[in-house]
Amino acid sequence: MYDYLIVGAGLYGAVCARELTDAGKKVLVIDKRQHIAGNVYTEKIEGINVHIYGAHIFHTNNKDVWSYVQRFAEFNRFTNSPIANYKGELYSLPFNMYTFNRMWGIVTPEEAAYKIEEQKRAVGITKPKNLEEQAISLVGTDIYEKLIKGYTEKQWGRECKELPAFIIKRLPVRLTYDNNYFNALYQGIPIGGYTKMVENMLSGIEVRTGVDFFDNKDDLTEQAQKIIYTGPIDAYFNYCFGNLEYRSVRFENETWDTPNFQGNAVINYTDIDTPWTRIIEHKWFEFGKDEEGHNLPKTVISREYSSEWKLGDEPYYPVNDEKNSRLYESYRELADMEGKVVFGGRLGEYKYYDMDQVIDAALDMVDSERIKEKQ
Ligand code: UDP
(Lines give C-alpha, C1' and ligand atoms only; values in the text may rest on other atoms or scores of the structure.)
Protein backbone atom coordinates (compact mmCIF):
# COMPACT_ATOMS: atom_id res chain seq x y z
CA MET A 1 0.00 0.00 0.00
CA TYR A 2 1.33 3.43 -0.95
CA ASP A 3 0.40 6.80 0.52
CA TYR A 4 0.65 8.34 -2.94
CA LEU A 5 0.61 6.99 -6.45
CA ILE A 6 2.00 9.57 -8.86
CA VAL A 7 0.97 9.13 -12.46
CA GLY A 8 3.60 10.75 -14.66
CA ALA A 9 7.33 11.16 -14.04
CA GLY A 10 7.61 14.65 -15.54
CA LEU A 11 8.56 17.75 -13.58
CA TYR A 12 5.26 18.04 -11.69
CA GLY A 13 5.29 14.38 -10.70
CA ALA A 14 8.98 14.35 -9.79
CA VAL A 15 8.72 17.42 -7.53
CA CYS A 16 5.64 15.99 -5.78
CA ALA A 17 7.40 12.64 -5.37
CA ARG A 18 10.49 14.28 -3.85
CA GLU A 19 8.54 16.48 -1.44
CA LEU A 20 6.13 13.79 -0.31
CA THR A 21 8.92 11.27 0.17
CA ASP A 22 10.89 13.79 2.22
CA ALA A 23 7.75 14.33 4.31
CA GLY A 24 7.81 10.62 5.16
CA LYS A 25 5.23 9.36 2.66
CA LYS A 26 5.48 6.12 0.75
CA VAL A 27 5.36 6.99 -2.91
CA LEU A 28 5.17 5.10 -6.19
CA VAL A 29 5.75 6.92 -9.48
CA ILE A 30 4.62 5.40 -12.77
CA ASP A 31 5.00 6.62 -16.32
CA LYS A 32 3.69 5.09 -19.52
CA ARG A 33 6.86 6.03 -21.37
CA GLN A 34 10.01 3.96 -21.06
CA HIS A 35 11.80 6.88 -19.42
CA ILE A 36 11.41 9.52 -16.72
CA ALA A 37 11.40 13.33 -17.10
CA GLY A 38 8.28 13.74 -19.26
CA ASN A 39 8.72 16.32 -21.98
CA VAL A 40 11.90 17.78 -20.50
CA TYR A 41 13.62 14.45 -21.25
CA THR A 42 17.04 14.77 -22.84
CA GLU A 43 19.08 12.02 -24.46
CA LYS A 44 22.79 12.00 -25.36
CA ILE A 45 23.41 11.75 -29.11
CA GLU A 46 26.96 12.31 -30.42
CA GLY A 47 27.86 13.66 -26.98
CA ILE A 48 25.09 16.29 -27.18
CA ASN A 49 22.12 16.48 -24.78
CA VAL A 50 19.25 16.43 -27.25
CA HIS A 51 15.92 17.82 -26.04
CA ILE A 52 13.83 14.99 -27.44
CA TYR A 53 10.42 16.62 -26.87
CA GLY A 54 11.40 20.15 -27.83
CA ALA A 55 13.70 22.82 -26.49
CA HIS A 56 13.42 23.63 -22.79
CA ILE A 57 15.20 26.68 -21.45
CA PHE A 58 14.81 27.10 -17.74
CA HIS A 59 13.97 30.66 -16.73
CA THR A 60 12.27 32.12 -13.70
CA ASN A 61 11.74 35.20 -11.58
CA ASN A 62 10.88 33.04 -8.63
CA LYS A 63 13.85 32.91 -6.30
CA ASP A 64 12.44 29.98 -4.31
CA VAL A 65 12.00 27.88 -7.43
CA TRP A 66 15.49 28.83 -8.63
CA SER A 67 17.05 27.75 -5.31
CA TYR A 68 14.94 24.60 -5.36
CA VAL A 69 16.26 23.40 -8.73
CA GLN A 70 19.85 24.12 -7.66
CA ARG A 71 19.51 21.16 -5.31
CA PHE A 72 19.25 18.80 -8.26
CA ALA A 73 21.43 20.33 -10.96
CA GLU A 74 24.05 22.91 -11.64
CA PHE A 75 22.89 25.33 -14.33
CA ASN A 76 25.00 26.86 -17.08
CA ARG A 77 24.69 30.49 -18.13
CA PHE A 78 22.82 29.92 -21.41
CA THR A 79 20.70 32.90 -22.44
CA ASN A 80 18.08 32.33 -25.08
CA SER A 81 18.44 34.69 -28.06
CA PRO A 82 16.49 33.14 -30.90
CA ILE A 83 16.60 34.51 -34.43
CA ALA A 84 13.61 34.87 -36.75
CA ASN A 85 14.17 33.92 -40.36
CA TYR A 86 11.56 35.49 -42.62
CA LYS A 87 12.28 34.38 -46.20
CA GLY A 88 16.02 34.81 -45.62
CA GLU A 89 15.74 38.10 -43.73
CA LEU A 90 17.07 37.63 -40.20
CA TYR A 91 15.57 39.46 -37.21
CA SER A 92 16.47 39.49 -33.53
CA LEU A 93 14.02 38.11 -31.00
CA PRO A 94 12.34 39.00 -28.77
CA PHE A 95 11.13 42.26 -30.30
CA ASN A 96 13.76 44.84 -29.41
CA MET A 97 15.74 47.71 -30.90
CA TYR A 98 17.77 45.36 -33.14
CA THR A 99 14.48 44.05 -34.58
CA PHE A 100 13.08 47.56 -35.09
CA ASN A 101 16.33 48.78 -36.67
CA ARG A 102 16.34 45.87 -39.14
CA MET A 103 12.64 46.34 -39.93
CA TRP A 104 12.45 50.12 -40.25
CA GLY A 105 16.04 51.41 -40.30
CA ILE A 106 15.31 53.45 -37.18
CA VAL A 107 17.92 53.89 -34.44
CA THR A 108 16.41 55.48 -31.34
CA PRO A 109 13.79 54.13 -28.93
CA GLU A 110 11.70 57.24 -29.59
CA GLU A 111 11.58 56.50 -33.32
CA ALA A 112 10.59 52.89 -32.61
CA ALA A 113 7.83 53.93 -30.22
CA TYR A 114 6.51 56.42 -32.78
CA LYS A 115 6.48 53.82 -35.57
CA ILE A 116 4.62 51.27 -33.43
CA GLU A 117 2.08 53.86 -32.27
CA GLU A 118 1.51 55.05 -35.84
CA GLN A 119 0.81 51.49 -37.09
CA LYS A 120 -1.37 50.68 -34.13
CA ARG A 121 -3.40 53.87 -34.66
CA ALA A 122 -3.85 53.14 -38.38
CA VAL A 123 -5.60 49.87 -37.48
CA GLY A 124 -7.69 51.58 -34.80
CA ILE A 125 -7.18 49.16 -31.92
CA THR A 126 -8.00 50.45 -28.47
CA LYS A 127 -8.67 47.34 -26.41
CA PRO A 128 -7.08 44.21 -27.98
CA LYS A 129 -9.53 41.31 -28.05
CA ASN A 130 -7.42 38.58 -29.61
CA LEU A 131 -3.84 37.64 -30.48
CA GLU A 132 -3.81 39.63 -33.73
CA GLU A 133 -4.97 42.85 -32.09
CA GLN A 134 -2.69 42.30 -29.13
CA ALA A 135 0.32 41.74 -31.41
CA ILE A 136 -0.36 44.84 -33.52
CA SER A 137 -0.82 46.92 -30.35
CA LEU A 138 2.52 45.76 -29.06
CA VAL A 139 4.71 45.92 -32.17
CA GLY A 140 2.76 47.30 -35.13
CA THR A 141 1.60 45.70 -38.37
CA ASP A 142 4.98 45.16 -40.12
CA ILE A 143 6.35 42.99 -37.36
CA TYR A 144 3.00 41.28 -36.97
CA GLU A 145 2.94 40.39 -40.68
CA LYS A 146 6.55 39.18 -40.93
CA LEU A 147 7.38 37.74 -37.53
CA ILE A 148 4.14 36.77 -35.83
CA LYS A 149 1.28 35.93 -38.20
CA GLY A 150 2.87 33.04 -40.14
CA TYR A 151 4.63 31.52 -37.15
CA THR A 152 1.55 31.67 -34.95
CA GLU A 153 -0.78 30.23 -37.56
CA LYS A 154 1.64 27.33 -38.16
CA GLN A 155 2.13 26.81 -34.45
CA TRP A 156 -1.55 26.89 -33.50
CA GLY A 157 -3.28 25.90 -36.76
CA ARG A 158 -5.75 28.73 -36.14
CA GLU A 159 -6.11 32.30 -37.30
CA CYS A 160 -4.52 34.87 -35.02
CA LYS A 161 -7.97 36.46 -34.63
CA GLU A 162 -9.23 33.24 -33.03
CA LEU A 163 -6.43 32.94 -30.48
CA PRO A 164 -6.27 34.42 -26.97
CA ALA A 165 -4.15 37.54 -26.52
CA PHE A 166 -2.16 36.12 -23.59
CA ILE A 167 -0.15 33.81 -25.87
CA ILE A 168 1.71 36.72 -27.47
CA LYS A 169 2.17 38.48 -24.14
CA ARG A 170 4.62 35.69 -23.26
CA LEU A 171 7.16 37.51 -25.43
CA PRO A 172 8.84 40.66 -24.15
CA VAL A 173 8.83 43.86 -26.23
CA ARG A 174 11.72 46.16 -25.36
CA LEU A 175 12.90 49.52 -26.56
CA THR A 176 16.46 48.52 -25.65
CA TYR A 177 19.19 46.64 -27.50
CA ASP A 178 18.69 43.44 -25.51
CA ASN A 179 18.28 40.08 -27.25
CA ASN A 180 17.51 38.04 -24.14
CA TYR A 181 14.25 36.26 -25.02
CA PHE A 182 13.12 36.16 -21.40
CA ASN A 183 12.59 38.87 -18.82
CA ALA A 184 13.55 36.40 -16.09
CA LEU A 185 16.09 37.11 -13.37
CA TYR A 186 17.44 33.57 -13.52
CA GLN A 187 18.08 31.44 -16.60
CA GLY A 188 20.13 28.44 -17.71
CA ILE A 189 20.26 24.81 -18.77
CA PRO A 190 21.05 22.03 -16.29
CA ILE A 191 24.57 20.80 -16.92
CA GLY A 192 24.42 17.14 -17.91
CA GLY A 193 20.82 17.43 -19.17
CA TYR A 194 17.31 17.59 -17.74
CA THR A 195 17.07 13.82 -17.44
CA LYS A 196 19.91 13.83 -14.91
CA MET A 197 18.18 16.62 -12.98
CA VAL A 198 14.91 14.66 -12.77
CA GLU A 199 16.84 11.49 -11.93
CA ASN A 200 18.29 13.38 -8.95
CA MET A 201 14.81 14.53 -7.93
CA LEU A 202 13.60 10.93 -7.99
CA SER A 203 16.61 9.47 -6.23
CA GLY A 204 15.64 6.73 -3.76
CA ILE A 205 12.00 6.75 -4.92
CA GLU A 206 10.24 3.76 -6.48
CA VAL A 207 9.67 4.51 -10.16
CA ARG A 208 8.15 2.17 -12.72
CA THR A 209 8.43 3.22 -16.36
CA GLY A 210 6.51 1.61 -19.22
CA VAL A 211 3.40 1.35 -17.01
CA ASP A 212 0.20 2.81 -18.42
CA PHE A 213 -2.16 3.88 -15.63
CA PHE A 214 -5.21 3.13 -17.77
CA ASP A 215 -4.16 -0.49 -18.38
CA ASN A 216 -4.44 -1.15 -14.62
CA LYS A 217 -6.50 1.75 -13.32
CA ASP A 218 -8.55 -0.14 -10.73
CA ASP A 219 -5.64 -2.17 -9.42
CA LEU A 220 -3.32 0.81 -9.14
CA THR A 221 -6.02 2.98 -7.57
CA GLU A 222 -6.58 0.37 -4.87
CA GLN A 223 -2.88 0.31 -4.01
CA ALA A 224 -2.72 3.96 -2.94
CA GLN A 225 -4.43 6.24 -0.44
CA LYS A 226 -4.19 9.14 -2.86
CA ILE A 227 -3.30 9.70 -6.49
CA ILE A 228 -1.55 12.60 -8.16
CA TYR A 229 -2.47 12.42 -11.81
CA THR A 230 -0.45 14.49 -14.28
CA GLY A 231 -1.83 13.13 -17.56
CA PRO A 232 -4.50 14.84 -19.69
CA ILE A 233 -7.56 15.54 -17.56
CA ASP A 234 -9.97 14.56 -20.37
CA ALA A 235 -8.24 11.18 -20.80
CA TYR A 236 -8.77 10.45 -17.09
CA PHE A 237 -12.53 10.79 -17.62
CA ASN A 238 -12.42 8.80 -20.83
CA TYR A 239 -13.21 11.92 -22.90
CA CYS A 240 -16.80 11.75 -21.62
CA PHE A 241 -17.57 15.35 -22.66
CA GLY A 242 -15.48 15.10 -25.84
CA ASN A 243 -11.76 15.78 -26.10
CA LEU A 244 -10.01 18.99 -25.20
CA GLU A 245 -7.96 20.36 -28.08
CA TYR A 246 -4.17 20.23 -27.93
CA ARG A 247 -1.39 21.00 -30.33
CA SER A 248 1.02 18.21 -30.96
CA VAL A 249 4.58 18.56 -32.20
CA ARG A 250 6.65 16.30 -34.41
CA PHE A 251 10.43 16.50 -34.56
CA GLU A 252 12.66 15.45 -37.41
CA ASN A 253 16.09 14.92 -35.91
CA GLU A 254 19.19 14.95 -38.09
CA THR A 255 22.82 14.38 -37.21
CA TRP A 256 25.22 16.39 -39.36
CA ASP A 257 28.90 15.63 -39.77
CA THR A 258 29.75 19.29 -39.35
CA PRO A 259 30.45 21.28 -36.19
CA ASN A 260 28.05 24.13 -36.93
CA PHE A 261 24.75 23.93 -38.79
CA GLN A 262 23.04 27.25 -38.09
CA GLY A 263 25.18 29.13 -35.54
CA ASN A 264 22.44 29.47 -32.93
CA ALA A 265 20.39 27.21 -30.65
CA VAL A 266 17.01 28.38 -31.99
CA ILE A 267 15.99 29.78 -35.36
CA ASN A 268 12.28 30.45 -35.94
CA TYR A 269 10.92 30.31 -39.49
CA THR A 270 8.21 32.91 -39.37
CA ASP A 271 6.84 32.74 -42.94
CA ILE A 272 3.79 30.57 -43.61
CA ASP A 273 5.37 28.53 -46.44
CA THR A 274 8.29 26.90 -44.59
CA PRO A 275 6.59 23.82 -43.13
CA TRP A 276 8.54 23.72 -39.85
CA THR A 277 8.15 26.37 -37.14
CA ARG A 278 11.72 26.30 -35.90
CA ILE A 279 15.05 24.48 -36.04
CA ILE A 280 16.86 23.69 -32.82
CA GLU A 281 20.61 23.03 -32.85
CA HIS A 282 21.02 21.37 -29.48
CA LYS A 283 24.77 21.74 -28.92
CA TRP A 284 24.47 25.52 -28.57
CA PHE A 285 22.48 25.12 -25.34
CA GLU A 286 25.84 24.00 -23.96
CA PHE A 287 28.09 26.27 -26.02
CA GLY A 288 29.05 23.50 -28.44
CA LYS A 289 31.16 21.69 -25.85
CA ASP A 290 31.01 18.41 -23.98
CA GLU A 291 31.24 18.24 -20.19
CA GLU A 292 35.07 18.23 -20.31
CA GLY A 293 35.01 21.45 -22.32
CA HIS A 294 35.99 19.86 -25.66
CA ASN A 295 34.44 21.10 -28.88
CA LEU A 296 31.96 18.61 -30.30
CA PRO A 297 32.79 17.59 -33.89
CA LYS A 298 29.21 16.83 -35.01
CA THR A 299 25.85 18.47 -34.52
CA VAL A 300 22.25 17.37 -34.02
CA ILE A 301 19.35 19.48 -35.23
CA SER A 302 15.57 19.11 -34.85
CA ARG A 303 13.06 20.56 -37.22
CA GLU A 304 9.83 21.17 -35.36
CA TYR A 305 6.44 20.68 -37.01
CA SER A 306 3.20 21.56 -35.30
CA SER A 307 -0.06 19.66 -35.82
CA GLU A 308 -3.55 19.30 -34.36
CA TRP A 309 -3.64 16.58 -31.74
CA LYS A 310 -5.69 13.46 -32.41
CA LEU A 311 -6.18 10.37 -30.25
CA GLY A 312 -2.88 8.49 -29.95
CA ASP A 313 -0.68 11.61 -30.48
CA GLU A 314 1.37 13.26 -27.75
CA PRO A 315 -0.40 16.36 -26.40
CA TYR A 316 2.03 19.29 -25.98
CA TYR A 317 0.20 22.60 -25.87
CA PRO A 318 -3.30 23.16 -24.48
CA VAL A 319 -5.41 25.36 -26.74
CA ASN A 320 -6.69 27.79 -24.15
CA ASP A 321 -9.36 29.45 -26.27
CA GLU A 322 -12.90 30.09 -25.00
CA LYS A 323 -14.42 26.88 -26.29
CA ASN A 324 -11.75 24.69 -24.70
CA SER A 325 -11.67 26.68 -21.49
CA ARG A 326 -15.41 26.01 -21.09
CA LEU A 327 -14.92 22.32 -21.76
CA TYR A 328 -12.04 22.21 -19.29
CA GLU A 329 -14.32 23.69 -16.62
CA SER A 330 -16.71 20.75 -17.06
CA TYR A 331 -13.85 18.32 -16.54
CA ARG A 332 -12.61 20.41 -13.61
CA GLU A 333 -16.00 19.98 -11.90
CA LEU A 334 -15.74 16.21 -12.26
CA ALA A 335 -12.16 16.35 -11.01
CA ASP A 336 -13.23 18.23 -7.88
CA MET A 337 -15.54 15.33 -7.03
CA GLU A 338 -12.74 12.74 -7.22
CA GLY A 339 -11.81 12.90 -3.56
CA LYS A 340 -8.80 10.66 -3.87
CA VAL A 341 -7.23 12.19 -6.97
CA VAL A 342 -5.38 15.46 -7.43
CA PHE A 343 -4.86 16.74 -11.01
CA GLY A 344 -1.68 18.68 -11.74
CA GLY A 345 0.74 19.89 -14.37
CA ARG A 346 0.36 21.19 -17.93
CA LEU A 347 -1.92 18.33 -18.96
CA GLY A 348 -3.71 17.75 -15.65
CA GLU A 349 -4.61 21.44 -15.35
CA TYR A 350 -4.81 22.17 -19.10
CA LYS A 351 -2.56 25.19 -18.68
CA TYR A 352 0.28 26.62 -20.79
CA TYR A 353 2.70 26.32 -17.87
CA ASP A 354 6.43 27.01 -18.09
CA MET A 355 8.77 24.74 -16.15
CA ASP A 356 9.16 27.10 -13.21
CA GLN A 357 5.38 27.49 -12.91
CA VAL A 358 4.98 23.71 -12.90
CA ILE A 359 7.50 23.38 -10.09
CA ASP A 360 5.85 26.17 -8.13
CA ALA A 361 2.41 24.60 -8.61
CA ALA A 362 3.71 21.20 -7.46
CA LEU A 363 5.28 22.70 -4.34
CA ASP A 364 1.99 24.48 -3.56
CA MET A 365 0.05 21.31 -4.06
CA VAL A 366 2.23 19.39 -1.60
CA ASP A 367 1.80 22.22 0.91
CA SER A 368 -1.96 22.06 0.58
CA GLU A 369 -1.84 18.28 1.08
CA ARG A 370 0.08 18.88 4.31
CA ILE A 371 -2.51 21.40 5.48
CA LYS A 372 -5.39 19.04 4.65
CA GLU A 373 -3.69 16.29 6.61
CA LYS A 374 -3.36 18.44 9.70
CA GLN A 375 -7.07 19.39 9.64
N1 UDP B 1 5.65 33.81 -31.60
C2 UDP B 1 5.67 34.42 -32.84
N3 UDP B 1 6.85 34.49 -33.52
C4 UDP B 1 8.00 33.98 -33.03
C5 UDP B 1 7.99 33.37 -31.76
C6 UDP B 1 6.78 33.28 -31.07
O7 UDP B 1 4.65 34.87 -33.32
O8 UDP B 1 9.03 34.06 -33.71
C9 UDP B 1 4.35 33.72 -30.89
C10 UDP B 1 3.60 32.45 -31.23
O11 UDP B 1 2.21 32.73 -31.24
C12 UDP B 1 3.93 31.55 -30.07
C13 UDP B 1 3.94 32.54 -28.92
O14 UDP B 1 4.53 33.72 -29.50
O15 UDP B 1 2.98 30.54 -29.88
C16 UDP B 1 4.70 32.11 -27.70
O17 UDP B 1 6.04 31.83 -28.05
P18 UDP B 1 7.02 31.01 -27.09
O19 UDP B 1 8.39 31.12 -27.66
O20 UDP B 1 6.78 31.46 -25.71
O21 UDP B 1 6.46 29.54 -27.33
P22 UDP B 1 7.02 28.09 -26.87
O23 UDP B 1 8.52 28.19 -26.83
O24 UDP B 1 6.34 27.78 -25.58
O25 UDP B 1 6.54 27.22 -28.00
With a ≥ b ≥ c taken as the square roots of the eigenvalues of the C-alpha gyration tensor of the chain, please select rounded if a/c is under 1.5 and otherwise prolate if a/b is larger than b/c or oblate if it is not? prolate
At a Förster radius of 30 Å, what calculated FRET efficiency corresponds to the Cβ-Cβ distance of residue 121 and residue 322, to the nearest 0.05? 0.60
What distance in nm lies between label points placed 7 Å from Cα along the C-beta direction at residue 1 and residue 158? 4.6 nm
Net charge near residue 71, counting Lys/Arg +1 and Asp/Glu -1 over other residues with Cβ under 12 Å of its Cβ? -3
With r as the distance between the Cβ atoms of residue 272 and residue 340 and R0 = 51 Å, compute the FRET efficiency 1/(1 + (r/R0)^6) and round to 0.05. 0.60
Separation of the range 137-204 and the range 45-108 by C-alpha centroid, Å? 8 Å
If you roll a 1.4 Å probe over the chain with all protein chains in place, what percent of the accessible area is carbon or sulfur? 48 percent
For the pair residue 113 and residue 34, the simple spin-label estimate (label points 7 Å beyond Cα toward Cβ) gives in nm 5.7 nm
Is any residue of the range 51-82 close enough, with backbone N under 11 Å, to a label point placed 7 angstrom from the Cα of residue 200 along the Cα-Cβ axis, and if so, which? 68-76
For the chain the mean separation of alpha carbon contacts under 8 Å (6+ apart) over residue count, i.e. relative contact order in percent, is 26 percent
Provide the net charge surrounding residue 141, with neighbours chosen by a C-beta distance below 13 Å and charges set as Lys +1, Arg +1, Asp -1, Glu -1. -1
Positive-end residue, the range 159-267 charge dipole about Cα centroid, Cβ charges, pick of 255, 235, 186: 186
Is the shape of the range 138-241 rounded, prolate or oblate, going by the alpha carbon gyration tensor and its root eigenvalues a ≥ b ≥ c, with a/c under 1.5 for rounded and a/b larger than b/c for prolate? oblate
Find how much the distance from residue 254 to residue 332 grows on full extension, using 0.36 nm per residue of separation minus their present alpha carbon separation; answer in nm with one decimal. 24.0 nm
Could you work out the relative contact order of the range 119-199, using alpha carbon pairs under 8 angstrom and six or more residues apart, expressed as a whole percent? 28 percent
Rounded to the nearest 20 Debye, what is the dipole magnitude of the chain about its Cα centre when Lys and Arg each give +1 and Asp and Glu each give -1 at the C-beta? 500 debye
Mean accessible area per residue over the chain (1.4 angstrom probe, all protein chains present, square angstrom) is 46 Å²
Give, as a single signed number, the net charge of other residues whose beta carbon lies under 15 Å from the beta carbon of residue 114, with Lys and Arg counted +1 and Asp and Glu -1. -2
Rounded, prolate or oblate: which fits the range 196-261, taking a ≥ b ≥ c as square roots of the Cα gyration tensor eigenvalues, rounded meaning a/c under 1.5, else prolate when a/b beats b/c? oblate
With a length cut of 27 Å (Cα positions projected on each helix's long axis) and a Kyte-Doolittle mean of at least -0.5, go through the chain and give me the DSSP H helices that pass. 355-374
When the charge dipole of the chain is computed with +1 on Lys and Arg Cβ and -1 on Asp and Glu Cβ about the Cα centre, the Cα farthest towards its positive end, among 38, 82, 328, belongs to 82
What distance in nm separates the two pseudo spin-label positions at residue 43 and residue 308, each 7 Å out from Cα along the beta-carbon direction? 2.9 nm
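The values are calculated or read from the model by the stated rules, or taken from the named source; none is laboratory data. Fair warning: this is a prediction, and the values are worked out from it, not measured in the lab. Cβ sites come from the backbone with ideal geometry, for glycine too, and all protein chains shown count toward neighbours. Just the protein is used for accessible areas: all its heavy atoms, side chains included, with ligands, DNA and RNA removed. Shrake-Rupley method; radii C 1.70, N 1.55, O 1.52, S 1.80 Å.
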